[in-house]
Ligand SMILES: Cc1cc2nc3c(=O)[nH]c(=O)nc-3n(C[C@H](O)[C@H](O)[C@H](O)COP(=O)(O)OP(=O)(O)OC[C@H]3O[C@@H](n4cnc5c(N)ncnc54)[C@H](O)[C@@H]3O)c2cc1C
């Protein structure tokens, strides 16, 4: 029987673990935390379920939806995002909407800029990309400061890789304000979110919790844990690839988040259908606020909110900086044939749950 060693029990560890197990492999999952599920684990704060994020399932792929929905029934979301514009002293929907321009203090200037947008654009970074699509004023109001803060950048010109993917549906919305109506836009029905998927996926696997991999003998597909060595036929790593090679090409940069949770003594805070509120003003500290109940439908006379503040205390988001992406590629290209680096950290790509499911189905199919 072939043996796979998997580092990390998030989605990108659990999906391959399950699929390999179904193919008759023996699978050992090594997880440094005392729980499985990684960043998508659902916890309780008092009586309130929450998942840091809160990680709804948003996808154009029917295969990813069907795969997950088999184990965790998913409920459709009808969702609007608000953004608070301090200078207008009001909330607008996000992405900015053409019908709202007349209500903005700089309406005339915005319209002038929209009238002269280039038909074809050749953006070289996030800033040129967005100004070419919505003009300087809308960019400054809705996007510029938010992005700098979210990625802890001095200037958005530093973001020179993958910036096209930062468009939510359209840069400037028209018509419908509900987000992604033509995609799967869902959240788990069960109170414990996606947790049952992780349990089902790992049911037939050996799972070592509270276990940090401290050494990597990649050529021999061997890992060092707790003063022992374990060998597999393959290693699937879901952690940052620089760690596998002792940062020999330099440490990869990431951005993290602090999540400040608090319960309020009121049944609902946000208006109907509003799930997130974004804060894009120059002097804001937080990026966004979420009311968890909107996702979980938890019934309570109280409500749980979380404020997200960008931070370097944890590593959650690979950057969109070309030199960092190139560095990650150097690590990944240097891996021996039987070592696979997958998932958000492993590929150093800003990918979501659905991408991870698709990626896992494809790569396990080749084994
Ligand atoms: C704040 C936030 C919000 C998001 N929102 C959404 C969303 O709404 N929808 C969506 O589809 N996607 C969302 N994503 C992205 C999605 O959640 C991730 O792409 C996905 O969960 C990544 O899974 P993973 O298994 O690659 O990583 P993780 O879930 O981070 O799992 C990695 C695991 O490896 C373990 N580990 C690390 N080092 C070691 C070691 N040395 N030894 C052993 N174990 C180790 C960790 O403890 C962890 O359990 C969001 C991401 C973030 C950060």
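Since every read-out is calculated from the coordinates, none of them should be taken as a lab result. Predicted model, so just to flag it, every value in this text is computed and none were measured.
Note the angle between two axes, namely the Cα long axis of helix 353-365 and the longest principal axis of the Cα atoms of the chain, as a number of degrees from 0 to 90, rounded to the nearest 10.
It is inclined by approximately 30 degrees.
Using only Cα atoms, figure out Rg for region 123-234 and give it as a multiple of 2.2 N^0.38 Å.
Normalised Rg, Cα atoms only: 1.71.
Whole-Å semi-axes of region 316-363's equivalent ellipsoid, largest first, each the root of 5 times a Cα gyration tensor eigenvalue?
Its equivalent ellipsoid spans semi-axes of 18, 16, 7 Å.
How much space per residue, in cubic angstrom, does the convex hull of the C-alpha atoms of region 271-329 take up?
That works out to 161 Å³ per residue.
Compute log10 of I(q)/I(0) for region 80-177 with the Debye formula, placing one identical point scatterer on every Cα and leaving out solvent, at q = 0.20, 0.23, 0.24 Å⁻¹, to two decimals.
-1.07, -1.38, -1.47
Report the percentage of all Cα-Cα pairs in region 216-298 whose separation exceeds 18 Å, rounded to a whole percent.
The share of Cα pairs beyond 18 Å in region 216-298 comes to 66 percent.
Per residue of the chain, what 222 nm ellipticity follows from adding -39500 (n - 2.57) for every DSSP H run with n ≥ 4, rounded to the nearest 500?
Counting only the DSSP helices, I get -7000 deg cm²/dmol.
Tell me the angle of helix 62-71 to the major Cα principal axis of the chain, expressed in degrees between 0 and 90 and rounded to the nearest ten.
Value to nearest ten degrees: 60.
So for region 1-133, Kirkwood radius off the Cα pairs, Stokes-Einstein at 10 °C and 1.306 mPa s: how many µm² s⁻¹?
80 µm²/s
In whole angstrom, how far apart do the alpha carbon centroids of region 231-245 and region 141-216 sit?
Value for the Cα centre distance between the two parts: 23 Å.
In whole Å and largest first, what semi-axes does the C-alpha gyration tensor of region 240-367 yield when each eigenvalue is scaled by 5 and square-rooted?
36, 19, 12
If you scale each eigenvalue of the Cα gyration tensor by 5 and take the root, what three semi-axes come out for the chain, rounded to whole angstrom and sorted largest first?
They are 38, 25, 18 Å, listed largest first.
Taking the chain as the reference, fit the longest principal axis to its C-alpha atoms, fit the long axis of helix 126-138 to the helix C-alpha atoms, and give the angle between the two in degrees, 0 to 90, nearest 10.
Its long axis makes an angle of about 30 degrees.
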